[in-house]
1. Taking into account only those residues within region 346-375 that are modelled with pLDDT of 90 or more and touching a Gly at 6+ places or on another chain (Cβ under 7 Å), which is nearest to Ala443 (Cα to Cα)?
2. For residues in region 91-102 being over 16 Å from Arg476 (Cβ atoms) and surrounded by 19 or more Cβ atoms within 10 Å (Cβ to Cβ), which is nearest to the chain's Cα centre (by Cα)?
3. Take Thr250 and decide whether it is within 20 Å of Leu386 (Cβ to Cβ) and among the hydroxyl-bearing types (Ser, Thr, Tyr).
4. Between a residue in region 66-87 that is touching a residue at least 40 places away in the same chain (Cβ under 8 Å) and under 11 Å from Tyr14 (Cα atoms) and any residue that is surrounded by 12 or more Cβ atoms within 10 Å (Cβ to Cβ) and of a type in the set (Val, Ile, Thr), which pairs come within a Cβ distance under 7 Å, given they are 6 or more apart or on different chains?
5. Of all the residues that make up region 106-134, how many are within 20 Å of the chain's Cα centre (by Cα) and closer than 18 Å to Ala89 by Cα?
6. For the subset of region 149-196 comprising residues that are open to solvent by less than 10 Å² (accessible area, probe 1.4 Å) and of a type in the set (D, E, K, R), which member is farthest from Glu129 (Cα to Cα)?
7. So which residues in region 456-486 are open to solvent by 20 Å² or more (accessible area, probe 1.4 Å) and closer than 21 Å to Pro431 by Cα, if there are any at all?
8. For region 639-677, name all the residues that are part of a strand (DSSP E or B), farther than 18 Å from Ala485 by Cα and of a type in the set (D, E, K, R).
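The values are calculated or read from the model by the stated rules, or taken from the named source; none is laboratory data. Small disclaimer: the values here were computed from a predicted structure and weren't measured. Cβ placement follows ideal geometry from the backbone for every residue including glycine, while neighbour counts extend to all protein chains displayed. Accessible surface areas use protein heavy atoms only, side chains included; no ligands, DNA or RNA. Shrake-Rupley method; radii C 1.70, N 1.55, O 1.52, S 1.80 Å.
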Amino acid sequence: MSASDGGNARAAGYTPHPYVGGRTAALRALAAWRMRWPGAPRVIVLTGNPGSGRSRLLTGFLMMCDPEYRKQLPLDDLDPATVPPDLPAPAVPSAAGRTAAQVLWLLADHFELAAGRDEDVFAELAAREEPVTVVVPDVGQAGPVRAAGEAARVVRDVLTPLAATETVQLLADVPRELATELAGTLPANQVQVIDLDAPEWADPKGLVLHAETALDAGSGAPELPYTTDPAARRALAEALAARAAGSRLTVQLAVQSLLMQPEGFDPADASQLPASVGEALDLHARRLGADPLTLRLILAPLAFAEGEGLPVQLLGTLASAVAGRDMSQDIADGMLLAAPFIQPVEPSSEDDEDGTGEGAEAGAGDGRTLLRLMHPALAEEIRSGLPDIREAQTRIAMALLEEVPQQDWAQADPYIRDHLAAHTLEAGLLPQLLTDPGLFAHADPVTLRAAIEAVPLEQLGAPARTYLRTAPLLTRSQAPSTLRAAFLESAFVEDGLAPYAEALHTRGFRLPWRTLWSVPLAGVRAVTTASVAAVGEDGTAVSRPVAALLVPEGTPGSRTLPDPADGAVASQDATGASDGTAAGEGAGAADGDGEAPAGGRTALLLHDLRAPEYVDADPSHVVQPSEEDREAAPLGFSRGADYLRVWARADRRMVAALVSDSPVTDADLSPDGVLVVATERGVTARQILVAAPAATPSVPAQRTGTTDADASHGLEGDHS
């Protein structure tokens, strides 16, 4: 299908698409792709310069692909070759703000796949009898952190395998620098690149129509000679389009500028018509009698803004930081100057952005207003005009840090809490920031993890490496900040960073436990809390609480258990300790023959229940709590494959919830509330703090079958 045929649409009297207003050639190609027309490619890569209108085109096309939205469009008046068939809506996992793994798992959820690993998603799609249609918009805006390069990861880890899957019909909106890479992975007959700036796909007449519609007083523009007179409006639209060199964004900004402040604009003066996004900024400032640099400095914080946008109250602070002078008066006088380029945003329900409910504490409150630039290409233009981006980000990061009250992250603005790491990443200062465990607990784990993973591992300190190891659990579990702090507290103890664990107990968190010790002991078959007879300093007999661990024979420090054939006591459990009586004579393993359940003889290793040290004692001196002792204890527990719940026996109220990043082998809870958990990684003891939780905790939702606990090379993000 030739793109040059697009001009025939208007000649035939067809109505332009009401949202796109042109792009007939591209719409025809997309419609042919959707209906799997003979000769149509299986994969289309949509690309173009920033501001070329890719998002608008894709949105307009998806309107016609949605069975419900189709009913609102005048389909009978459109060029039939641009209208896709009435089929079920395609899967549309938007990449904007998401990690590659989040995009992939959105897709898995859409098709209700039973996959547990990334590669399983592609395998299940490939095994389908019927082809599936997938549209991935906004790849250029992928990732929660601008400087982390997530767009490339989406292309390589998601789009490339999808494109290689024969049962997938793929359409993706990709930046030009990645479009060639994606298209190059496929045979030429399976892929088509639609570059909206290439001559065969350019739509100069559609651009004129775009400008003409925006200038029309009937569409909401103020009544001016060039908005009410059709001939004058057409002439100005043609002049704007001719100067803009195919950039719909340039036309849009020019029209917004002159309609918002029409004084001083002469439509006959071509020098007042911008040829680029940068000229649109500068011409607007000059027409209003302002310095173009001042306008760019006002907008600079928004050009660096992360997430949904920048809180309005931070604009002046950050503009002054970038400018190196007080910009408060410039901003007070310059909001009309900046208005055509700014878009207010009401924060989503996730803006306490990790869903912790901390927004009220941080003073976010209802009515919180965020600001962002009208288009990402504006940010690129403003950033490119600064002499040193790293220096600008350094000043922004320092200004944000100064806005944290008493360096208490619980009181920090959610934007600072969640996005300071992104600013310090581009400033080259992130490793220096990663020393405060309070920030680790309060920051959105998806965003913080993305920033940290963009730093070479050798540049990270020990606390940051612990965070990186724990981050998959934090993102998978969607834990609120208090539970994140609890998970991190245990992780710091596991990694020998006790001062960082202790610091979390001083940061205002009401943690459900205090981690007493952790040992990286693999192969633990069973655990039980018990006691062992010892001699006190005064020579009297005392009972020392211990954790009795059933381990493979030969484990250093362990005591081999006697063979039960030599007179084992049948009531003894897997540790060899009897129930409430002295243990030892012929103590055996769970299967009663001295063999571990998985094969191999077992031994008993004793560890102090409350201190990080082993205990050398005869297994026969180990005494377990009786059933009466356990039933009288205030706490009980239950567990699953990778989680545990601790609850108060009196009212069945859950007081602690633990999610493990590796399968739980065994666990036990002492009568005085010490929880000992053995996993494939090791054994950890936690003192349950019954009075700590302010409300009943819950085990965070988790995606069944998804395991992302190991160190990752990408961002799993939220899989639930």
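1. Out of the qualifying residues, it is Leu370.
2. Ala95
3. In short, no.
4. Final answer for the pair search is Pro74/Thr15; Asp77/Thr15; Leu78/Thr15; Asp79/Thr24; Thr82/Thr24.
5. Of the residues in region 106-134, 5 are within 20 Å of the chain's Cα centre (by Cα) and closer than 18 Å to Ala89 by Cα.
6. Among residues in region 149-196 that are open to solvent by less than 10 Å² (accessible area, probe 1.4 Å) and of a type in the set (D, E, K, R), the one farthest from Glu129 (Cα to Cα) is Glu150.
7. Pro456, Leu457, Glu458, Gln459, Gly461, Ala462, Arg465, Leu468, Arg469, listed by residue number.
8. Passing the criteria: Arg639, Asp666, Asp668.
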